[in-house]
Amino acid sequence: MMNALARLQSLMSDGSERPLSRPWSSDRSLDGHITKLEKHLQQGASAYVPRDLQEEAVKRFWTTRRIDTFRDAHLVSHGVVLPVGPQRVKVIEDRERFPALLDSVDKYLPAPRQYRRCYQGLLKGYFSYDYEAKDAPDSGVRNWESLRGYLAERTEQIIDGPKNPQWAETLQQHKDVLGRDPCSRYGPALLSGNSQDVDELLEFLNVPGSSWFVRKMLLAQIQAGVNKADTDFLSVLYRLIDLLQDNELIRDEGLTLVLNRFAKLAPPPLAIPLRDAAVAWWGNPWLETNAMWRHPNVSSEAKAMVTEWLKLEFIEAFFTLLAEENTGDDRRLKFWARYVNVISDIRFALGSDARVNRSPDFQKLRKKMAGLVVPLDDNVRSNNAFIMRMGPLLVVEFSGYSNACYGYDARGSLPFRLDVPVVTPVDAKNSLKLSSKQLWLQHQDGIKGHQKWESRFEFELASKYGVRPKSAPTGEVLVRPPVRSEAAPASHEDTGPASNPRAILQPAQSTWSTSSLTATEEARWRNTKFNLATLSLFASQYRLQVDDKTQDNGNLWIRTDDTDASVNEILCRWGFKYKNAAKGWWKRGDE
């Protein structure tokens with residue numbers, strides 16, 4: 001007990017800048033009270049100052065433009081961002097009064113304890129004033145910048161001897177918070193899940209949750225992610241998307257950073273969650289009404305990347321959900337997917353079945369199609385049409401496979417309106433089928449010397465309109481995982497549907513052929529840890545087809561043969577096993 005009394009006597013002789021918030025209760029030990037007193041001494045004077053006292057002091061200062069006492073200097077410092085009076089004026093937004101406040105506070109520099117209490121109020125104002133708010137006047141922004149410089153220059157002036165409040169000591173270790181880049185040093189640790197330093201910083205400096213600083217801290221994590229090398233960036237991609245999903249205030253700026261970085265990958269693999277997030281938050285990239293896609297900070301490469309992803313999704317959605325191809329024939333899907341880069345616009349004419357279908361797939365698709373849909377009035381409720389503009393040509397594909405493909409010259413006025421319902425009877429009012437067509441192509445093999453209808457379509461588009469596909473000739477490009485042949489029954493390793501719509505990352509285009517690795521590349525991949533993100537980058541670089549069936553209790557497949565020894569070695573190191581040339585390499589999802 002004598003030791004405890006001695007400690008109490010020592011603490012009391014030092015004095016305290018912060019009064020106890022409530023009296024000691026008689027049922028606690030003396031040691032517990034001493035521990036509490038030590039904490040108050042560490043934290044220093046309370047950052048809480050009654051609002052009514054601040055308002056009174058600010059009003060006096062606003063009228064007199066003078067601060068004559070320490071009490072008023074202390075109160076006005078804490079009320080520097082407080083809106084007062086009928087006009088809701090703020091000291092920090094006034095060109096004359098704010099510099100006068102700083103001059104008055106400087107008079108207490110010879111008295112560190114008094115000066116520190118004013119400094120604490122100004123620091124609270126620094127974190128509280130949102131200089132990036134749309135309604136922040138220029139004077140407020142300039143004064144906030146002056147306040148940042150003032151506080152940065154005087155951080156050491158708040159230290160007085162060996163014992164100082166915890167917030168003052170904490171600020172000495174985190175002077176960056178008063179710099180032009182206050183948060184970047186914390187980004188990597190936060191992104192990796194280590195928030196200890198930031199938690200202490202926010203607690204001891206009394207940073208409010210609504211502060212711009214918290215917003216910048218979140219963006220620092222995004223910046224830390226996009227600053228990583230390609231493989232590491234892909235490994236944290238979904239952490240970044242989740243962060244943006246949970247924090248709407250940083251969503252536009254953060255998504256811009258992520259999309260611009262992703263577009264620099266060579267080539268960018270298809271990231272379905274990133275595509276879906278971008279379209280859900282910003283809308284369709286090629287619609288003029290969606291302003292964020294035209295923001296100058298969004299790179300043209302990022303916009304083109306998401307545009308191509310979305311158009312590819314629309315092509316696949318039409319020929320799998322809305323057309324007869326949902327029975328298994330994907331030739332039209334494969335053909336038009338090769339033209340995704342030359343398709344400048346897409347519209348859908350939906351029959352009544354597609355417009356009212358309540359299944360999750362249809363509801364999700366219609367949401368993405370917002371602004372692109374026109375009703376199709378037809379006696380057959382299941383009929384739909386897919387309208388594509390490619391250079392000078394407007395192409396109309398119908399859901400029924402037996403329907404021919406119509407093409408119209410789009411260099412003048414369109415042959416039909418797309419702001420009112422369309423129909424299909426030939427030459428009817430606002431019909432998609434007109435005898436004035438420039439192209440009429442049937443999906444039948446062996447016509448006009450072409451063994452396949454794809455060959456004829458490609459020839460007609462190129463020779464008459466200069467429209468050519470981006471990718472290799474028909475049949476070599478796989479835009480979806482290959483469909484299992486009926487003659488090849490599934491093994492126990494190969495379960496689930498051939499096409500997995502929940503795949504996270506997959507190359508946007510790939511072939512069954514691979515490219516040999518250089519010695520340097522092989523060494524780098526040998527030392528790369530396996531995960532879905534690194535696999536996607538590897539597959540994209542070496543043109544491998546990834547077929548992820550793990551969401552359907554199946555396995556992860558790489559659809560390639562075993563003719564490339566260097567690729568074989570990497571896959572073996574990652575735990576893949578070779579099945580045969582028809583199926584490729586597989587690995588259990590939980591390995």
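The values are calculated or read from the model by the stated rules, or taken from the named source; none is laboratory data. These numbers come from a predicted model, not from an experiment. Here the Cβ is made from the backbone with ideal geometry for all residues, glycine too, and neighbour counts use every protein chain on show. Note: accessible area is taken over every heavy atom of the protein model, side chains too, but ligands, DNA and RNA are not part of it. Shrake-Rupley method; radii C 1.70, N 1.55, O 1.52, S 1.80 Å.
The number of residues in segment 407-432 that are in contact (Cβ under 8 Å) with a residue 24 or more places away in the chain and closer than 15 Å to Pro375 by Cα comes to 8. Within segment 307-328, being more than 31 Å from the chain's Cα centre (by Cα) and free of Cβ contacts under 8 Å to residues at least 40 places away in the same chain holds for Asn326, Thr327. So, in segment 398-451, exactly how many residues are part of a strand (DSSP E or B) and acidic (Asp, Glu)? Total meeting the criteria: 1. The residue that is farthest from the chain's Cα centre (by Cα), counting only those in segment 329-358 that are open to solvent by 40 Å² or more (accessible area, probe 1.4 Å) and of a type in the set (S, T, N, Q), is Asn357. The test for being open to solvent by 50 Å² or more (accessible area, probe 1.4 Å) and either at pLDDT below 95 or over 23 Å from Ala152 (Cα atoms) (or both) holds for Arg60. Checked against (1) buried (at least 19 other Cβ atoms within 10 Å of the Cβ); (2) touching a Phe, Trp or Tyr at 6+ places or on another chain (Cβ under 8 Å), Ala317 meets all criteria but (2).
Within segment 419-446, the set of residues being open to solvent by 50 Å² or more (accessible area, probe 1.4 Å) and among the hydrophobic types (A, V, I, L, M, F, W, C) comprises Val426, Trp440.
Residues that are more than 19 Å from Ala385 (Cβ to Cβ) and crowded, with 16+ Cβ neighbours inside 10 Å within segment 447-466 comprise His450, Lys452, Glu454, Ser455, Arg456, Glu458, Glu460, Tyr465, listed in sequence order.
The numbered conditions (1) farther than 27 Å from Gln173 by Cα; (2) modelled with pLDDT of 95 or more are all true for Gly225 except (1).
Residue-wise test of (1) surrounded by 14 or more Cβ atoms within 10 Å (Cβ to Cβ); (2) within 19 Å of Arg180 (Cβ to Cβ).
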residue: Ser104; (1), (2): yes, no
residue: Tyr115; (1), (2): yes, no
residue: Ala136; (1), (2): yes, yes
residue: Gly149; (1), (2): no, yes
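Can you tell me which residues in segment 241-272 are closer than 16 Å to Leu532 by Cβ, in contact (Cβ under 8 Å) with a residue 40 or more places away in the chain and not β-branched (Val, Ile, Thr)? Matches in segment 241-272: Phe262, Leu265, Pro268, Pro269, Leu270, Ala271. Looking only at segment 207-248, residues that are part of a loop (DSSP other than H, G, I, E, B), closer than 22 Å to Leu270 by Cα and either open to solvent by 60 Å² or more (accessible area, probe 1.4 Å) or hydroxyl-bearing (Ser, Thr, Tyr) (or both) come to 3 in all. For segment 274-303, a residue qualifies if it is assigned to a loop (DSSP other than H, G, I, E, B) and either of a type in the set (A, V, I, L, M, F, W, C) or exposed (fewer than 13 other Cβ atoms within 10 Å of the Cβ) (or both), and the qualifying residues are Trp286, Leu287, Glu288, Thr289, His295, Pro296, Asn297, Val298.
From the list Ala533, Ala462, the one residue that fits, being over 18 Å from Leu544 (Cβ atoms) and at pLDDT 50 or above, is Ala462. Within segment 73-113, the set of residues being part of a helix (DSSP H, G or I), at pLDDT 95 or above and closer than 18 Å to Tyr48 by Cβ comprises Ala73, His74, Leu75, Val76, Ser77, His78.
Of the residues that make up segment 349-357, is at least one polar (S, T, N, Q) and in contact (Cβ under 8 Å) with a residue 40 or more places away in the chain? Within segment 349-357, not a single residue is polar (S, T, N, Q) and in contact (Cβ under 8 Å) with a residue 40 or more places away in the chain. Restricted to helices (runs of 4 or more DSSP H) entirely inside segment 145-206, those with at least 2 residues that are of a type outside the set (A, V, I, L, M, F, W, C) and more than 33 Å from the chain's Cα centre (by Cα) are 166-173. Of all residues in segment 63-72, those satisfying the criterion of being part of a helix (DSSP H, G or I) and either hydroxyl-bearing (Ser, Thr, Tyr) or buried (at least 24 other Cβ atoms within 10 Å of the Cβ) (or both) are Thr63, Thr64. Considering segment 383-439, the residues that are farther than 22 Å from Phe319 by Cα and among the charged types (D, E, K, R) include one that is modelled with the lowest pLDDT, namely Arg411. Scanning segment 559-591 for residues that are open to solvent by less than 20 Å² (accessible area, probe 1.4 Å) and out of contact with any helix residue (DSSP H, G or I) (no Cβ under 6 Å at 6 or more places or on another chain) yields a total of 9.
Inclusion of Val423 among residues that are over 19 Å from Val340 (Cβ atoms), β-branched (Val, Ile, Thr) and in contact with a Ser or Thr (Cβ under 6 Å, 6 or more places away or on another chain) is warranted.
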